[in-house]
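Visitor: Below is the structure I would like to discuss, written out as structure tokens.
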Amino acid sequence: MSKKIKSILATDCGSTTTKAVLIEWKEDRYRLTFRGEAPTTVEAPFEDVTKGVLNAVMEVEELSGRTILDGDKIITPDDGSKGVDIYVSTSSAGGGLQMMVAGVVKSMSGESAERAALGAGSIVMDVLASNDGRLPHEKITRIRQLRPDMILLSGGTDGGTTTHVMELAEILAAANPRPRLGQNYKLPVIYAGNKKAQDSIRETLGEISDLDIVDNIRPVLEQENLEPSRDKIHDLFMEHVMAQAPGYKKLMSWTDAPIMPTPGAVGSLIEMIAKKENISVVGVDIGGATTDIFSVFEGKFNRTVSANLGMSYSICNVLAESGLDNVLRWVPFDIDRSELTNRIGNKMIRPTTVPQSLEELVIEQAIAREALRLSFIQHKEFATSLKGVQSERTISDAFEQSSSGQSLVNMMDLDLLVGSGGVLSHAPRRQQSARMLIDAFMPEGITQLAVDSIFMMPQLGVLANIDKDELKEDASQAALEVFDNDCLIRLGTCLTPVGNAKPNSKMADVTLTFGDGSVKEIEINEGSLEMMEHPYEEVKVNIKPVRGIDVGAGKGEELESVIYGGVVGLIFDGRNRPITLSKESDQRIDSLLNWSKAVDEYPKGEMF
Amino acid sequence: MAHSYTPGLKVLKKTIFKKERILPLKGDVLVKSGDQLTPDTIVASTNLPGNVQMLKVSNILNIDPKDVVEALKVKERQEVKKGDIIAETSGIFGMFKSSVESPVDGTIESISQSTGRVVVREAPIPVEVDAYVSGVVDEIVENEGIVLKSNAAFIQGIFGIAGEKRGDLLLVSSGPGEELTADQITADMKGKILIGGSFLSLDAYKKALSVQVAGIVVGGFNYYDLKAVLGYNLGVAITGTEKLNTALIVTEGYGSIPMSEATFSLLKENDGKAASINGATQIRAGVIRPEIVIPIDAGNTDDDSSSKMPEGIQEGSTVRVIRSPNFGKIGKVISLPAELNKMESETMVRVAEINIDGKNILIPRANLEMVETE
């Protein structure tokens, strides 16, 4: 019988910041006790990720007064006075895991392969498919240019035709791709296609690549089997990719469990929560380089990575993709456009800076709204039901029906929206996080909002995934307890009626019955945004929408439910969907200032 | 004493500069350890595999993939010329034959019986790697290239465009706060590397392109002008492959920002000397910053950079503010308080107390950059 784990140190090496948390057993449960962070040190002059880890841990030491380090080493196990029992880490620094996937039909096996790669926490650089419209030599050039960390090849149902998947294998062989890091090892290739082709695949790719064969990702059209591919990707991530990045060999030797790619860890945690509470969840992690969105609708998990939408390294790309006007529409003051683009450019080339002035903060949060909005559009397009499963149709028909899969994302069904990543988790006021989430995701009906206050989901995700028998039980208990008690900050609930309504007209009557029996009535009018402070406690709600307006029970249908407040409270959003802002600058600024005031978003002063 | 790690850019008067010069694929190394190199010396060469053409022989001949072998007129590894018959059906009594011709000169790389495809690879593409900087061969990386060593002054910029260039340094701006203007750029500056002060306008850069200046090192450039130069909005800072005659290295950032005193005076000191520069920048995994390398006379080979490890910001360090307000200003660290401080934005951060122009102000540590000088 192993002894109870008393202390856990977990770090997450992000592309900008390395965060460390200390979890300790306190009386009867695990609690987060201290945290620290430091810039990630993959950059010169350090070029060693462990420096940033040590800095972050040093901060934890300073704050907790506990000795964790012995020089450049983490002391394990805890001897009662110093050290920690276990140390785990996730990582997205060094560019994360960059993959290329290939499938026969882009919207079928191609998409399944993409889902597996994304679910494992990778960035998908490109999806090759027999029907992607590119000529073989174009595909070959693309493979050579991209130099992925690994390739996932799928295609064909088990026992079906092997020709197409073999053609893809031959293209790979002709490209003879080199891995991104390190000249001296072969590129890892995972084959997860038609079983019947396995021997021929070995013949074609066995020599030139480091080939692994796993079960078919799409054994039959109606079924997706992502698990074997995902697991294999995780193994290879550790063996190949991590081992090549600066300082990672050292970091790997310190940890008690394999280092997980950050998004893989977050995804597995979100999946666990949705399952445990039987709800629909959207989680977002907006980072420096990328924005990840995770969702569980109808029990189906999806993850997308918007590889070039982020708040530092990719900040200029948010500007390029959304356009300056779309960013500026959220800014309630006039600003010189060229001066603004220079400022944003400077954030890109010096990615670790933080907004010191209020003006800088408002601009940064305006950009975040656009990054989130664009990422969510991409997510909705990807999170669909399986395409091409209608059994009546032939495969050639399936080629034509690329848009047949319906998006699983239904904002009216969404129960919980969780935000994380610096700009959401570190916003000086929680009202700002709530506003960014609502403005970008535009929830409908009744939706609970939360943020991962200190971005702990990656660390908790890796804890929940520990495999070692002697650590498993305590680690997953710690992950769940800390998640419930310390990780999620419940912001409150957003009530949004939607439908055709005239400006300023009534959309719904809301009756709130509080725990002490008191009752309050509220009218939601089109174009308004109101907030009522109320802690994370149960409130009975009755909503009577006017004709043509829906709050979740159907147009004009009354709805009874139970909702919860939070650190922000209850938000009544009458700004129909999609939220539209006036083209007139004065009117737009007026609305923005009113909405900000209604939720006490920014400090009162000259600007607000 | 409290200290904090902050990435800084190098401005080194004298250092032992080492650089890998490696082929993209294995090949031949053409120099020996200890050989003297000029920037143009070819140190290694190889042949990149040529493009491939995939011929769907079974489809074109309308036969089964497994029957392709019978129809073939060529073997694997056989050389073919454009128009050579690759495969042919026997037809009916020798009539109505159909055939597949090679679309290019090349070699038959593979023949697939499962897909009925024949792969023809075109002639290899020769690739050479030069020394880039004058110096000596320090180390041979077998079949891949060399590590070059040179006594040099070394400066990193914050952002650049276009790849490796070389030329003599030419001081144009008289001070670090002075803009480098279009009318200062003249035809006799062809092939030179111009040293400017605080700013370069789009017009001035276009003028430099037109007279074929090799490179420009300057404090600031407008972000939105990049679109006019590159033809697209630069979304992520990954550059180096732009086909531009004039490399641009920005040392401070976007906008008009005086070049740091240390950088400017080191460049000024080396006015007229031959230099190699590279605008390639990658602000992401495995960060690459643009660089200016100025080989200096051998003799004293003391390395004054690698002997001291960067120690991060400490009390007394010279730092630069890298975000508004006070963007670009240089100051000295007075103290590094351990507790979190609230900024105007209400952000709680760890700060440093900095003396700038005689005034002590609190600035987030994350908004400071160490100015690394010898």
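Visitor: Filter region A:347-390 down to the residues that are polar (S, T, N, Q) and assigned to a helix (DSSP H, G or I), then identify the one that is farthest from B:Glu346 (Cα to Cα).
Guide: In this case the residue turns out to be A:Gln378.
Visitor: Let me ask something else about it. Looking at this structure, is A:Gly80 surrounded by fewer than 21 Cβ atoms within 10 Å (Cβ to Cβ) and either assigned by TED's automatic domain parsing to the domain that holds A:Asp235 or outside any strand (DSSP E or B) (or both)?
Guide: Values: surrounded by fewer than 21 Cβ atoms within 10 Å (Cβ to Cβ): yes; either assigned by TED's automatic domain parsing to the domain that holds A:Asp235 or outside any strand (DSSP E or B) (or both): yes.
Yes; evaluated as a whole, the condition is true for this residue.
Visitor: Looking only at helices (runs of 4 or more DSSP H) that fall completely inside region A:165-277, which ones have 1 or more residues that are over 30 Å from A:Gly419 (Cβ atoms)? Give the steps one after another, and end with the answer.
Guide: Details: elements: A:198-205, A:227-236, A:248-254, A:262-277.
Helices (runs of 4 or more DSSP H) meeting the threshold: A:198-205, A:227-236, A:248-254.
Visitor: Which residue is nearest to A:Leu460 (Cα to Cα), if the candidates are limited to region A:1-37 and must be modelled with pLDDT of 90 or more and of a type in the set (Gly, Ala, Ser)?
Guide: Of everything passing the filter in region A:1-37, A:Ala10 is nearest to A:Leu460 (Cα to Cα).
Visitor: Mind listing whichever residues of region A:178-206 are at pLDDT 90 or above and surrounded by fewer than 19 Cβ atoms within 10 Å (Cβ to Cβ)?
Guide: A:Lys195, A:Lys196, A:Gln198, A:Asp199, A:Arg202, A:Glu203, A:Gly206
Visitor: Please tell me if B:Ile249 is closer than 26 Å to A:Ser338 by Cα and crowded, with 19+ Cβ neighbours inside 10 Å. Quick ask: steps written out before the conclusion?
Guide: On the way: closer than 26 Å to A:Ser338 by Cα: yes; crowded, with 19+ Cβ neighbours inside 10 Å: yes.
Considered against the rule, which asks whether it is closer than 26 Å to A:Ser338 by Cα and crowded, with 19+ Cβ neighbours inside 10 Å, B:Ile249 comes out as yes.
This table checks each residue for (1) closer than 23 Å to A:Val568 by Cβ; (2) more than 14 Å from chain B (Cβ to nearest Cβ); (3) at pLDDT below 95.
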{"residue": "A:Glu339", "(1), (2), (3)": "no, no, yes"}
{"residue": "A:Arg350", "(1), (2), (3)": "no, no, yes"}
{"residue": "A:Val389", "(1), (2), (3)": "no, yes, yes"}
{"residue": "A:Asp397", "(1), (2), (3)": "no, yes, yes"}
{"residue": "A:Ala427", "(1), (2), (3)": "yes, no, yes"}
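Visitor: How many residues are surrounded by fewer than 22 Cβ atoms within 10 Å (Cβ to Cβ) and either more than 18 Å from A:Val165 (Cβ to Cβ) or within 14 Å of chain B (Cβ to nearest Cβ) (or both) when one looks only at region A:207-235?
Guide: So the count comes out to 8.
Visitor: Here's another thing I want to ask about it. Take region A:130-177 and flag every residue that is crowded, with 21+ Cβ neighbours inside 10 Å, over 24 Å from B:Val120 (Cα atoms) and either acidic (Asp, Glu) or without any contact (Cβ under 8 Å) to a residue 24 or more places away in the chain (or both).
Guide: Scanning region A:130-177 gives a single hit, A:Asp149.
Visitor: Considering only region B:13-31, state which residues are at pLDDT 90 or above and part of a strand (DSSP E or B). Please lay out each step first, then the result.
Guide: If we filter region B:13-31 for residues that are at pLDDT 90 or above, which is where we start, we get B:13-21, B:28-31.
Hits for region B:13-31 are B:Lys13, B:Lys14, B:Thr15, B:Ile16, B:Phe17, B:Lys18, B:Lys19, B:Glu20, B:Arg21, B:Asp28, B:Val29.
Visitor: Determine which member of the set A:Thr290, A:Thr304 is touching a helix residue (DSSP H, G or I) at 6+ places or on another chain (Cβ under 7 Å) and either charged (D, E, K, R) or touching a residue at least 60 places away in the same chain (Cβ under 8 Å) (or both).
Guide: Of the residues listed, the single one that is touching a helix residue (DSSP H, G or I) at 6+ places or on another chain (Cβ under 7 Å) and either charged (D, E, K, R) or touching a residue at least 60 places away in the same chain (Cβ under 8 Å) (or both) is A:Thr304.
Visitor: Mind checking which residues of region B:177-196 are crowded, with 24+ Cβ neighbours inside 10 Å and either outside the structural domain of B:Ile249 (by TED's automatic domain parsing) or part of a loop (DSSP other than H, G, I, E, B) (or both)?
Guide: B:Ile185, B:Gly196
Visitor: Does region A:286-307 hold any residues that are surrounded by fewer than 24 Cβ atoms within 10 Å (Cβ to Cβ), assigned to a loop (DSSP other than H, G, I, E, B) and under 12 Å from the mean Cα position of the chain (by Cα), and which are they?
Guide: Once the filter is applied, which keeps residues that are surrounded by fewer than 24 Cβ atoms within 10 Å (Cβ to Cβ), assigned to a loop (DSSP other than H, G, I, E, B) and under 12 Å from the mean Cα position of the chain (by Cα), region A:286-307 yields only A:Ala307.
Visitor: Among the listed residues B:Tyr205, B:Tyr132, which satisfies the condition of being away from every other protein chain (no Cβ under 14 Å), among the hydroxyl-bearing types (Ser, Thr, Tyr) and in contact (Cβ under 8 Å) with a residue 60 or more places away in the chain? Give the derivation first.
Guide: Values: B:Tyr205 fails: in contact (Cβ under 8 Å) with a residue 60 or more places away in the chain.
None of the other options fit; the residue is B:Tyr132.
Visitor: Do we have A:Ile143 as within 30 Å of the chain's Cα centre (by Cα) and more than 14 Å from chain B (Cβ to nearest Cβ) here?
Guide: On the way: within 30 Å of the chain's Cα centre (by Cα): yes; more than 14 Å from chain B (Cβ to nearest Cβ): no.
In short, no.
Visitor: Give me a count of the residues in region B:329-355 that are surrounded by fewer than 21 Cβ atoms within 10 Å (Cβ to Cβ), within 29 Å of B:Pro176 (Cα to Cα) and not hydrophobic (A, V, I, L, M, F, W, C).
Guide: Total meeting the criteria: 5.
Visitor: Exactly one of these conditions fails for A:Gly323: (1) at the interface with chain B (Cβ under 7 Å from one of its Cβ atoms); (2) surrounded by fewer than 18 Cβ atoms within 10 Å (Cβ to Cβ). Give me its number.
Guide: (1)
Visitor: How many of the residues making up region A:290-317 are of a type in the set (Gly, Ala, Ser), touching a Leu at 6+ places or on another chain (Cβ under 9 Å) and within 12 Å of chain B (Cβ to nearest Cβ)? Working first, answer last.
Guide: Looking only at region A:290-317, we keep the residues that are of a type in the set (Gly, Ala, Ser), and these are A:295, A:299, A:306-307, A:310, A:312, A:314.
Adding the requirement that they be touching a Leu at 6+ places or on another chain (Cβ under 9 Å) leaves A:295, A:306.
Going one step further and asking which of them are within 12 Å of chain B (Cβ to nearest Cβ), we end up with A:306.
The number of residues fulfilling the criteria is 1.
Visitor: How do the strands (runs of 3 or more DSSP E) wholly within region A:1-42 filter down when requiring 3 or more residues that are in contact (Cβ under 8 Å) with a residue 40 or more places away in the chain and farther than 16 Å from A:Ala479 by Cα: which remain? I'd like the intermediate steps shown before the answer.
Guide: Details: elements: A:7-13, A:17-26, A:29-39.
Those strands (runs of 3 or more DSSP E) span A:17-26.
Visitor: Still on this model: On the basis of being outside any loop (DSSP other than H, G, I, E, B), within 28 Å of the chain's Cα centre (by Cα), assigned by TED's automatic domain parsing to the domain that holds A:Ile489 and of a type in the set (A, V, I, L, M), does A:Leu570 make the cut? Give the steps one after another, and end with the answer.
Guide: On the way: outside any loop (DSSP other than H, G, I, E, B): yes; within 28 Å of the chain's Cα centre (by Cα): yes; assigned by TED's automatic domain parsing to the domain that holds A:Ile489: yes; of a type in the set (A, V, I, L, M): yes.
Against the criterion (outside any loop (DSSP other than H, G, I, E, B), within 28 Å of the chain's Cα centre (by Cα), assigned by TED's automatic domain parsing to the domain that holds A:Ile489 and of a type in the set (A, V, I, L, M)), A:Leu570 qualifies.
The values are calculated or read from the model by the stated rules, or taken from the named source; none is laboratory data. Not measured: the values here are computed from a predicted model. Here the Cβ is made from the backbone with ideal geometry for all residues, glycine too, and neighbour counts use every protein chain on show.
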